[in-house]
Amino acid sequence: MTLTSCDQLLASEESWRVLAEILPQLVWTTRADGCVDYTNQRFCDYTHATPEQLQGYGWGQFLHPEDAERVLTVRAHAFRTGIPYEVEYRLQEGQTGRYRWFLARAMPVRDEAGHIVRWFGTSTDIDEQKRTEEALRQSQECVNILMSSSIIGIAITEGEQIVNANDTYLRMTGYTREDLREGRINWMQITPPEYLAQTLQAQQELAIQQSTTLYEKEFVRKDGSRLPILAGRVTLPSNSIQTIGFVLDNSARKELERRKDEFIAVASHELRAPLTVLKLQAALLKKRIGRQSMQKSAADLEQMGAQVNNGVRLMEELLDVSRIQTGTLKYAQESVDLGALLREIVETMQQTCPTHTLILHGATQTMFVSDRNRLRQIFINLINNAIKYSPQAKTVEIDLRTTAETVTISVHDHGLGIPPEQREKIFERFYRAAGAREHAIPGLGIGLYLVAEIVSHYGGTIAVDSQVGHGSTFHVTFPRTSQA
Ligand code: ADP
């Protein structure tokens, strides 16, 4: 602005004021040093202050404390250099006390000699725009977090083609970002034929209600392997060409389902076996009694008793598993001599185990407040496994060691051993090792789950050392300090 135009403006002060008063912005002027000497009525209405209260630096009291320093620095720089400025800040509404965002713009007016005589400024309400920007930023942040999720695979599809996907989706399908860029991922291709009809049905559902329910299917990964997944899809109302798919890895659930099915099959088989033997023996006994062969009958009865015990133990373990699930497994509180208990268990088990010699070390008197039957369950399970999973071996060693703080019972066998990747899993419900040799040995996969549960009830730990082909040692350690 030149001095002539400024002169003209100032000369018609009234028309200038009218202009300032009809503008939708807050309008103000300052002296060359930045001291405010005029504010329009809108400024006064907004701040609920008189022009006198706003003059000088009075308007500064309405600045948001977090913006004040920044604004004052920008202004100071402008007044020092004479460069027009723009700055965003929050200004307090006088009546409500709420802050709204404004964009201030100011320009200097110079005289003929080029000296600044005044600054003209406006402050435009940009609160709406700011809030929209913030909402956008937040929703973008949510999208980014979602896209970088390591749990949910997300893919954007156009027709059959996957046009964008997050890293998790790529990991699940086994494709690379390069494959994605080159358009090499096609959902028809990664859908196995037996899931195609279901997937197409989901597409139809999508056309009607803009989202599908979650459904189970599998991916055919790039290397041909399969991954069980849970999938869902939505369309964007603003873009009917693209759909967004959400995918969850369902393999853990599927694996548990598989184990349960296998468990039911094995459990029914295991329960039927002793009952079949019992049935045969009962028929035999009936005949013998008929023929008065008492001595043989007594031996048969003993065998029948053993079968009944097996059946009952199996049923008890199954019941215990369900009690653990419902949190109703009961524990008695009694003083138990671990040494004596181990001696008793080893002696009894040895009587029915002709294949292995059970060797017990260190079974000195060691008192431990607990439930005798639950402890018995731990040791019988571990010794039974040691015998079962070492068919070629001759001995199983059991060891009791104490320190001032702990008591440790170890069961050591010279059998098949346990591969490192299975050592955590064997304590899971229904888990049975995958190897053919282990599978040939009967079991339900609940023994170690029960053992681990009881051990942890007493604040103890269970650990396994093992070397495949050479044997395993299970160590159960209980704290003694908590007992004291
Ligand atoms: P199971 O009834 O199958 O024996 P467990 O829960 O007792 O169930 O054991 C789970 C799995 O751990 C077994 O199927 C077996 O593969 C493995 N396992 C347990 N004890 C031993 C051992 N002493 N040596 C080798 N493998 C073992």
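Listed values, structure above:
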| read-out | value |
| --- | --- |
| Condition met for ALA106 (surrounded by 17 or more Cβ atoms within 10 Å (Cβ to Cβ), within 56 Å of the chain's Cα centre (by Cα) and either closer than 24 Å to PHE62 by Cβ or of a type in the set (A, V, I, L, M, F, W, C) (or both)) | yes |
| Unmet requirement for HIS475, which otherwise passes all of (1) more than 7 Å from the ligand (Cβ to nearest atom); (2) at pLDDT 90 or above; (3) part of a helix (DSSP H, G or I) | (3) |
| Answer from GLU428, GLU453 - the residue that is among the acidic types (Asp, Glu), closer than 26 Å to ASP371 by Cα and touching a residue at least 24 places away in the same chain (Cβ under 8 Å) | GLU453 |
| The stretch 378-391 residues that are within 12 Å of ILE454 (Cβ to Cβ) and of a type in the set (A, V, I, L, M), paired with ones that are within 8 Å of the ligand (Cβ to nearest atom) and at pLDDT below 95 (beta carbon under 6 Å, 6 or more apart) | none |
| Any hit, the stretch 246-257, residues being touching a residue at least 40 places away in the same chain (Cβ under 8 Å), among the hydroxyl-bearing types (Ser, Thr, Tyr) and in contact with a strand residue (DSSP E or B) (Cβ under 6 Å, 6 or more places away or on another chain) | no |
| Residue under evaluation ALA386, criteria (1) among the small types (Gly, Ala, Ser); (2) within 14 Å of the ligand (Cβ to nearest atom); (3) on the phi > 0 side of the Ramachandran plot, criterion not met | (3) |
| Long-range neighbours under 6 Å by Cβ, at least six apart or interchain, first residue closer than 18 Å to GLU302 by Cα within the stretch 342-354, second outside any helix (DSSP H, G or I) | GLN350/LEU358 |
| Verdict on ALA436 being exposed (fewer than 15 other Cβ atoms within 10 Å of the Cβ), touching a residue at least 60 places away in the same chain (Cβ under 8 Å) and either more than 14 Å from VAL464 (Cβ to Cβ) or within 15 Å of the ligand (Cβ to nearest atom) (or both) | no |
| Among the candidates VAL220, VAL143, residue that is within 19 Å of LEU248 (Cα to Cα) and in contact with a helix residue (DSSP H, G or I) (Cβ under 9 Å, 6 or more places away or on another chain) | VAL220 |
| Unmet criterion (only one of (1) within 16 Å of the ligand (Cβ to nearest atom); (2) surrounded by fewer than 14 Cβ atoms within 10 Å (Cβ to Cβ); (3) in contact (Cβ under 8 Å) with a residue 40 or more places away in the chain) for ILE359 | (3) |
| Residue within the stretch 391-403 that is within 11 Å of the ligand (Cβ to nearest atom), surrounded by fewer than 20 Cβ atoms within 10 Å (Cβ to Cβ) and over 23 Å from VAL321 (Cα atoms) present | yes |
| Selection count where residues are among the hydrophobic types (A, V, I, L, M, F, W, C) and more than 8 Å from the ligand (Cβ to nearest atom), scope the stretch 421-433 | 1 |
| Residue match in the stretch 364-377 (condition: more than 42 Å from the chain's Cα centre (by Cα), surrounded by fewer than 20 Cβ atoms within 10 Å (Cβ to Cβ) and within 16 Å of the ligand (Cβ to nearest atom)) | no |
| Residue in the stretch 454-464 that is modelled with pLDDT under 95, assigned to a helix (DSSP H, G or I) and either near the ligand (Cβ under 7 Å from one of its atoms) or in contact with a helix residue (DSSP H, G or I) (Cβ under 6 Å, 6 or more places away or on another chain) (or both) present | no |
| Selection count, the stretch 147-158, where residues are farther than 18 Å from ILE229 by Cα and either out of contact with any strand residue (DSSP E or B) (no Cβ under 8 Å at 6 or more places or on another chain) or of a type in the set (A, V, I, L, M) (or both) | 1 |
| Helices (runs of 4 or more DSSP H) contained entirely in the stretch 14-90, each with at least 3 residues that are within 55 Å of the chain's Cα centre (by Cα) | 41-47, 65-81 |
| Every residue from the stretch 439-452 that is of a type in the set (A, V, I, L, M, F, W, C) and either more than 8 Å from the ligand (Cβ to nearest atom) or in a helix (DSSP H, G or I) (or both) | ALA440, LEU448, LEU450, VAL451, ALA452 |
| The lone exception for ILE418 - which of (1) among the aliphatic types (A, V, I, L, M); (2) near the ligand (Cβ under 7 Å from one of its atoms); (3) not in a loop (DSSP other than H, G, I, E, B) it fails | (3) |
| Single residue of GLU218, GLU262 found to be buried (at least 18 other Cβ atoms within 10 Å of the Cβ) and among the acidic types (Asp, Glu) | GLU218 |
| Of all residues making up the stretch 404-414, the number that are more than 12 Å from the ligand (Cβ to nearest atom) and not small (Gly, Ala, Ser) | 5 |
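Yes/no per residue for (1) within 30 Å of ILE156 (Cα to Cα); (2) of a type outside the set (Lys, Arg):
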{"position": "ILE244", "(1), (2)": "yes, yes"}
{"position": "ASP249", "(1), (2)": "yes, yes"}
{"position": "ARG259", "(1), (2)": "no, no"}
{"position": "THR276", "(1), (2)": "no, yes"}
{"position": "LEU284", "(1), (2)": "no, yes"}
{"position": "ALA306", "(1), (2)": "no, yes"}
{"position": "ILE324", "(1), (2)": "no, yes"}
{"position": "GLN333", "(1), (2)": "no, yes"}
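The values are calculated or read from the model by the stated rules, or taken from the named source; none is laboratory data. Keep in mind it's a predicted model, so treat the numbers as computed, not measured. Using ideal geometry, Cβ is built from the backbone for each residue, glycine included, and neighbour counts are taken over all protein chains shown.
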